[in-house]
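Quick notes on the structure that follows.
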Amino acid sequence: MIGILKGMATTLKHALDGETFTVEYPDVAPEVSPRFRGVHKFSQERCIWCRQCENVCPNDTIQIVTDSSRNGEQYNLHIGQCIYCRLCEEVCPVDAILLTQNFEFTADTKDEFVYNKEQLKNVPWYKDIDPLNSRNPDRGAWIGEGEGEVDYQ
Amino acid sequence: MSGVDLASVLLQQNGSGNATGNATNATAGNATNATAGNATNATAGNATNATAGNATNATAAGPTSETPLPDLISGLLGLDGFGIWGDAVAALLGAFLIANVMLTMTAVAGPWAKRKITAAFTDRIAVNRIGPFGLLIIVADAVRLLSKELIVPEGADRPAWDLAPIILPFSALLGFAVIPMGSGIQLADPETGLVFAFAAASIASLGLVMAGYASNNKYSMLGGLRSIAQNLAYEIPLVVTAASVVIFTGTLRMSEIVAVQSQPLIEAGALTIPSWFAFVNPFAFVLFLVANMAEIGRNPFDIPEAPTEIVAGYQTEYSSVYFVLFYLGEFIHIFLGGALMAVLFLGGAAPPVPALGFIPGFVWFVIKIWAFFLFTQWCRSAVPRVRIDQLIEIGWKGMLELAFANLVLTAIIVGVII
Amino acid sequence: MSLEDPEKEQQGALEGRSREDELADLLGERALSRDDHKNAPAFVIRPDEVQDVLFDLRDQAGYDFLSCVTAQEYEDRYESIYHLKRYDNPMDEVSVVVPTSKQNPVSQTAEPVYKTADWHEREAYDLVGIDYEGHPDLRRILLPETWQGHPLSLDYDQDRPQIVTLREHANPLEEDQRASGTGANAHSNTVESGAVDDAADSDTMYLNIGPHHPATHGVLHLKTILDGEQVVDVEPDIGYLHRCEEQMAQQGTYRYQIIPYSDRWDYTANMPNEWAVARAIEDLADLEVPEYAQVLRTMATEFGRMLGHFLAVGTFALDVYGDFTAIFMYAIRDREKVQNILEDLTGQRMMFYYFRLGGVVWDLPEPREEWFEKVRDFLDELPSALEEYHDLISQNEILQLRTVGKGMLPKETAKQYGATGPVARASGIDMDLRRDDPYGYYDELDWDVAVEDGCDNYSRLLVRLREVEESAKIIRQCIDLLEDWPEEERTIQSNVPRTIRPDDDTETYKAVEAAKGEMGVYIRSDGTDTPARFKIRAGCFNNLHTLAPMSNGEYIPDLVAALGSLDIVLGSVDR
Ligand code: SF4
Ligand code: SF4
């Protein structure tokens, strides 16, 4: 009996303290950690079309089309198929592909999740935070220094 | 005046038409209200008719302090002169009114209050996006549920399958016919009021078994069987415990049971504890509370539904309107359970201290019912469900013995002291 | 207990000479040759002597734990590998390799020796196509009955559509319609009680629990035969969430492409899965892991274990309490806090992908002090949160009434069925790979293994709650270490080449202690940068196998509670 009463007291305590743990999501944008891996952003200006990202991707999410002289023509990324492992960002030598913290994406059909390079370029930063800064300290372990300022816009 | 008369005549025709006709083919909203009116009307109307028409009937013998609601209504509308028809209309109106009050309370409790209460216990916010405090979720939910497809499982035993969801809410509504709700609101006050209420409430078991049996689903079947076993095991302690109250009062008439409780039990200066039976015999109160929880199938005794074990028990196959009816029925049953608690143990519609007497009795009554509802929801968030065999065991080996012990004890106390 | 003592003596007698020689002597003529794996000696035996050899190994040498059965196809033969361990010393391993010919892949079953071989061999039959002679019920287990071909065999044509014709294959629903009549008979070959063998005895009812049922925590189908409310027989039907994870791993490169998918196996506590893969590949390719990274790994994994246990306790409460219990939300709340911490560390809330070969991907987030503070706050609040758990669950009389003495899994049965993790530890088996087969930084830290002897649902709950406390202890020590680690020695990864090609025909089987039990990975390399065979041993798979002995004779609510107490994740069972 004591145990039951203790249990009831515990829940009552929670009911009366008025605290809630709910994230009121659309009204309050949640805090996202700087390392959070969201939708990709791509910069055609920086890309050297080395295809490393395409090769490392575990599930063929990235498709790169180049012409005969290895100039890039298309860069397609299926953000609905991606598993957000961040390997493409890790291997990219010039920070041309980057995972933003943006986790909000919707579409009516799966096809609409295939982003081409224009759409990838226009993916907004989440809360205008460039995650590269916060990730930078660790990047040295992976790819050596990036090449200065990055402009994705 | 003529307008009112016309309206009541129309209502009367409408009512009798529905009573004889097929009520189930009306649209959902209408069906709920109209049949609720009818069902209650059947009893209340009969009771009052009997009073008017047959002077030898015992009911006519003892007029209580408060006028029954139908008389009040007929007085208000000037229906006194219309004889038996006037009484019928008045009774119908009264029943309609009370049924609607109950249904409104259910509507608030089901989609909204339940969520809010559960959320409070679990540190969440719950519905808050539709309307102020999310209250419009009631409308949204009603539209959502009623607009769903009514799926009839293959092999369902048709008349039984259709009747079950109708029996459940209406048996509970029937019980309210004899409950004195304070401020003079009581449809009928027969001498056997208490027995009538229990009898009406336990018709629900029939509905559950019908639902379980007719659904052609094994989970439903298990749920139906469970509910029968559970009701058998807990009805007896429930009634026996209520009988201990009857020993005190010496009457089964609801209004008198309430009246007996209005005397002060202890007076210590400004503090007056009324002689509610919850204070006179707390043991019986606890027994009744537990048996009541089992009777209405709430945690920790919600095994006829037991979602994690047998999906949804007897209501597994029901959708759309029928589901709404089941849902309503469950909540009206909780309220009926709360009403019985209030009448038998909590002084009916009386305020806890006379100083608060300025608040109308009906408000107190509703507060008491809601307190019981709150308690069921609290248990739901904090008490584990018992197993079916344990439930039966507690019922037959524990509750029954305790209930009889309580009865004997009360009898001795009443016999020796009073 | 009496069974244990001879083993101990045996062990004593074996000392002095090398264990391998002893085993070789024990097997004598029956060992055709040696085919040693990186982790253990391996003896090749004839396919018709499997039971003979395994009985000897079990009874004479004390190998009471069949950890895994790996089946694979070579160009010239099929092979079944039995990975044996001992519950009292999991480092003492031996593998038994059973080659069979291509034309006639028939091998003797090991089911009479180890009950757990039942499911393992069914899986081997299902995916690779080896026939186990004498197996009581050799049916497909992961794929549907109607599947054509064996997906992991070499000549399997992936592009061939699977056409299921009802004419050829009976409608699976039909069995249900016939309910207690002949339907029960259809699978009475798995029923040991014999109560339903009599088809005319219509006192029983056949009930499908799942695949969509509120209490199966995913898509699990339990074929139950009921006598009233009592369970006469229950047979889990799995495979609804089968995603060919093994095959996917075989197509991915060692270096990058396997670990991200390991997060999808046991998705409630993913971190240990990553370690299982990392450990196996690191063993295979002889990669070093810096000490600093080991501490990070240890800490992250313990957070991952907490994730799993919070959810397990919460859902177990859900099964016992009813649909809207408060304790479930409190458990989710605590889980959420851990997820926040891990998000800061790894960048994701569920599919972390924190491990890399030779280390981890990130150091602690900057500023470190802030993060330490966050973790410490969480750890400081944890005892009071656990207090609530105990108030609401373990000390509740009704819950005790419901769970104590129910879902009994005696120690010997648990061993027979290859149970591991909290399930085994609640049956009094004192085994924890973190302590007994040390990896990471565990052996440097001070913590205890939670063991209970109750063997029931309640003990399994207690073990989990205690393990949360132990995890907190480990994490606290880890962050103390990390805080004081000299800045210049914070190496998070060793130097690992971008492409890894382990030597041809190297094999290893390595396991770690995941939240649900032993998570093992067997890899055979063929000199390329992808594995030739990748086999996952998931604790949940074997733990689920114990459901039948646990719940036979119990009521449905206890079956549900037992299932909840096993804490299975279908992603891990079906892979
Ligand atoms: S995040 Fe991973 S899965 Fe997604 S595109 Fe990059 S490499 Fe591919
Ligand atoms: S790795 Fe970077 S530079 Fe190379 S193709 Fe991909 S995005 Fe372009």
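Once backbone amide H atoms are built at 1.01 Å from N, C:Cys68 has C:His83 as its partners under 5 Å, excluding neighbours fewer than 5 places away on the same chain. For chain C, the average shadow cast by the Cα convex hull is 26.6 nm², which is a quarter of the hull's surface.
Modelled label-to-label distance, C:Asp504 and B:Leu150, 7 Å Cα→beta-carbon offset: nm? Distance between the two pseudo-spin positions: 7.4 nm.
Measuring only protein heavy atoms, the 1.4 Å probe finds B:Trp370 accessible over about 60 Å². Residues of segment C:457-494 falling in the label zone of C:Glu291, defined by backbone nitrogen less than 18 Å from a point 7 Å along Cα to beta-carbon, are C:477-494.
Taking 7 Å steps out from each Cα toward its Cβ at A:Asp17 and C:Glu381 produces label points 0.9 nm apart. Which net charge results for the neighbourhood of C:Tyr78, defined as the other residues with beta-carbon distances under 10 angstrom from its beta-carbon, given Lys and Arg at +1 and Asp and Glu at -1? In short, -2.
With every protein chain present, what is the per residue accessible area of segment B:104-184 (1.4 Å probe, Å²)?
Values: 3400 Å² over 81 residues.
I get 42 Å² per residue for segment B:104-184.
Per residue, chain C reaches -12000 deg cm²/dmol at 222 nm when only DSSP H runs of four or more residues are counted, each adding -39500 (n - 2.57). Taking the chain by itself as reference, segment B:84-124 contains these residues with an accessible-area loss of 50 Å² or more in the full protein complex (1.4 Å probe, heavy atoms): B:Phe121, B:Thr122, B:Asp123, B:Arg124. In this rough spin-label picture, where each label sits 7 Å from Cα along the Cβ direction, the C:Asp237-C:Glu489 distance is 5.8 nm. The H on the amide N of C:Glu554, modeled in the peptide plane, is under 5 Å from the matching H of C:Val231, each at least 5 residues off or on a different chain. Using the Cβ-Cβ distance between C:Arg139 and C:Leu401 with R0 = 41 Å, the FRET efficiency computed as 1/(1 + (r/R0)^6) comes to roughly 0.60. Dipole size in debye (nearest 20) for segment A:32-142 around its Cα centre, Lys and Arg Cβ +1, Asp and Glu Cβ -1? Here the size comes out at about 340 debye. Here the Karplus relation 6.51 cos²θ - 1.76 cosθ + 1.60, evaluated at θ = phi - 60°, turns the backbone of segment C:59-66 into coupling constants of 7, 9, 9, x, 7, 9, 10, 8 Hz, with x for every Gly and Pro. When the square roots of the Cα gyration tensor eigenvalues are ordered a ≥ b ≥ c, the ratio a/c for segment C:51-110 is 1.5 or more and a/b exceeds b/c, which makes its shape prolate.
So what's the net charge close to C:Asp283: Lys and Arg +1, Asp and Glu -1, counting the other residues with Cβ under 13 Å from its Cβ? Could you put the intermediate results ahead of the total?
Numbers: positive: C:Lys38, C:Arg279, C:Lys510, C:Arg524; negative: C:Glu93, C:Glu282, C:Asp286, C:Glu288, C:Asp437, C:Asp503, C:Glu507.
Local charge sum for C:Asp283: -3.
Here the 3J(HN,Hα) profile of segment A:70-80, calculated from phi with Karplus coefficients 6.51, -1.76 and 1.60 at θ = phi - 60°, is 6, 8, x, 10, 10, 9, 10, 9, 8, 6, x Hz, Gly and Pro shown as x.
In order along segment A:52-61, the Karplus-derived 3J(HN,Hα) couplings, from 6.51 cos²θ - 1.76 cosθ + 1.60 at θ = phi - 60°, round to 5, 5, 4, 6, 7, 4, x, 10, 6, 7 Hz, and Gly and Pro are given as x. Applying 1/(1 + (r/R0)^6) with r as the Cβ-Cβ distance of A:Glu31 and B:Gln263 and R0 = 35 angstrom yields a FRET efficiency of 0.05.
Chains A and B: what accessible area do they bury, summed, in square angstrom to the nearest 100, with a 1.4 Å probe? Show your work: numbers first, answer last.
Details: alone 9950 and 18730 Å², together 27550 Å².
Approximately 1100 Å² gets buried when A meets B.
Cβ under 11 Å from A:His14's Cβ, A:His14 left aside: what net charge do those residues give with Lys, Arg +1 and Asp, Glu -1? Residues close to A:His14 contribute a combined charge of -1.
Measuring r between the beta carbons of A:Thr106 and A:Asn71 and using R0 = 35 Å, the FRET efficiency lands at 0.55. The relative contact order of chain C, computed from alpha carbon pairs under 8 Å that lie at least 6 residues apart in sequence, is 16 percent. Of the cross-linked pairs A:Lys121/C:Lys337; B:Lys116/B:Lys368; A:Lys6/B:Lys397; C:Lys85/C:Lys337, those separated by over 30 Å at the C-alpha level are A:Lys121/C:Lys337; C:Lys85/C:Lys337. First compute the accessible area of segment C:245-574 with a 1.4 Å probe, then give the percent of it belonging to carbon and sulfur atoms. Carbon and sulfur: 46 percent of the exposed surface of segment C:245-574.
Would any residue of segment C:303-340 have its amide N under 19 Å from a label point 7 Å out along Cα→Cβ of A:Lys127? List them or say none. Taking a point 7 Å out along Cα→Cβ of A:Lys127, the residues of segment C:303-340 whose backbone N falls under 19 Å are C:336-340. The residues of segment A:12-71 expose on average 56 square angstrom of accessible surface per residue, using a 1.4 Å probe on protein heavy atoms.
Roughly what % antiparallel, to the nearest 5, for the DSSP beta bridges in chain C? Within chain C, antiparallel bridges account for around 90 percent of the total. Solvent-accessible surface of protein heavy atoms, probed at 1.4 angstrom with all chains present, puts C:Met350, B:Met293 in the order C:Met350, B:Met293, largest first. Nearest 100 Å² is fine: how much accessible area is buried between B and C, summed over both sides, with a 1.4 Å probe? In total, chains B and C hide about 2700 Å² from solvent. Proximity of backbone amide H atoms, modeled 1.01 Å from N, is registered between A:His40 and A:Thr100 at under 5 Å, excluding neighbours fewer than 5 places apart on the same chain.
The values are calculated or read from the model by the stated rules, or taken from the named source; none is laboratory data. Just so you know, these numbers come straight off a predicted model, no measurement behind them. Counting neighbours? That spans all protein chains shown, and the Cβs are built from the backbone with ideal geometry, glycine included. Each accessible area value is taken on the protein alone, full model and side chains, heavy atoms only, with ligands, DNA and RNA left out. Shrake-Rupley method; radii C 1.70, N 1.55, O 1.52, S 1.80 Å.
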